[in-house]
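The values are calculated or read from the model by the stated rules, or taken from the named source; none is laboratory data. Here the structure is a predicted model, which means the values were calculated and not measured. Heads up: the accessible areas ignore ligands, DNA and RNA and are worked out on the full protein's heavy atoms, side chains in. Shrake-Rupley method; radii C 1.70, N 1.55, O 1.52, S 1.80 Å.
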Amino acid sequence: MSKKGTRITAVRTTAYTHSESDHIQYGARTAVGSQLKYGSVLRSAAADWSVYPVGTIFQIEGTPYIYQVDDYGSALVGTNTIDIYQPTRAHMNAWGVRHVNIRVLRWGSKSKSLAIMKDRQKYDHVRKMVQRLQRS
């Protein structure tokens with residue numbers, strides 16, 4: 001992957017962890033069914049998939065980490081916010097809310113996003129993402 005890509009400035013980021021009350025039922029799993037990642041290079045992120053489709057790979061400028069959008073959250077839909085996975089509540093709280101510059105190294109797949117979400121449209125936030133993807 002090149003370090004070029006699409007630069008997006010002043011992106012609002014928040015943090016989440018698998019032990020939050022709204023994530024407990026999913027455990028340390030993502031919306032795609034994989035393990036949440038917090039590695040030395042690759043880390044998980046959640047976003048509105050109609051903005052950052054599943055599989056989008058990005059880097060926060062000034063950090064060595066590469067993030068992959070493999071999760072979504074109801075509070076993210078329509079906000080243009082990216083939620084950064086953190087392994088503990090302490091890490092999550094330390095992140096807080098930050099406005100950062102990101103570089104999208106590879107855009108994810110709208111069709112894969114739609115395929116994953118098609119059977120989940122009983123949830124309002126999923127339905128909104130599907131509708132936005134179908135219009136784009």
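Using heavy atoms of the protein chains and a probe of 1.4 Å, the accessible area assigned to residue 107 is about 110 Å². Which pairs, out of 4/118; 4/112; 4/122, put more than 27 Å between their alpha-carbon atoms? In this structure, 4/118; 4/122 lie more than 27 Å apart at Cα. Once divided by 2.2 N^0.38 Å, the Cα radius of gyration of the range 1-119 becomes 0.98. Over the chain, accessible surface divided per residue gives 53 Å², non-protein components excluded, 1.4 Å probe.
Could you work out what % of the accessible surface of the chain is carbon and sulfur, using a 1.4 angstrom probe and leaving DNA, RNA and ligands out of the count?
Working: 3600 of 7180 Å².
Reported share for carbon and sulfur atoms: 50 percent.
For the chain, the relative contact order is 35 percent, taking Cα pairs closer than 8 Å that sit 6 or more residues apart in sequence and dividing their mean separation by the residue count.
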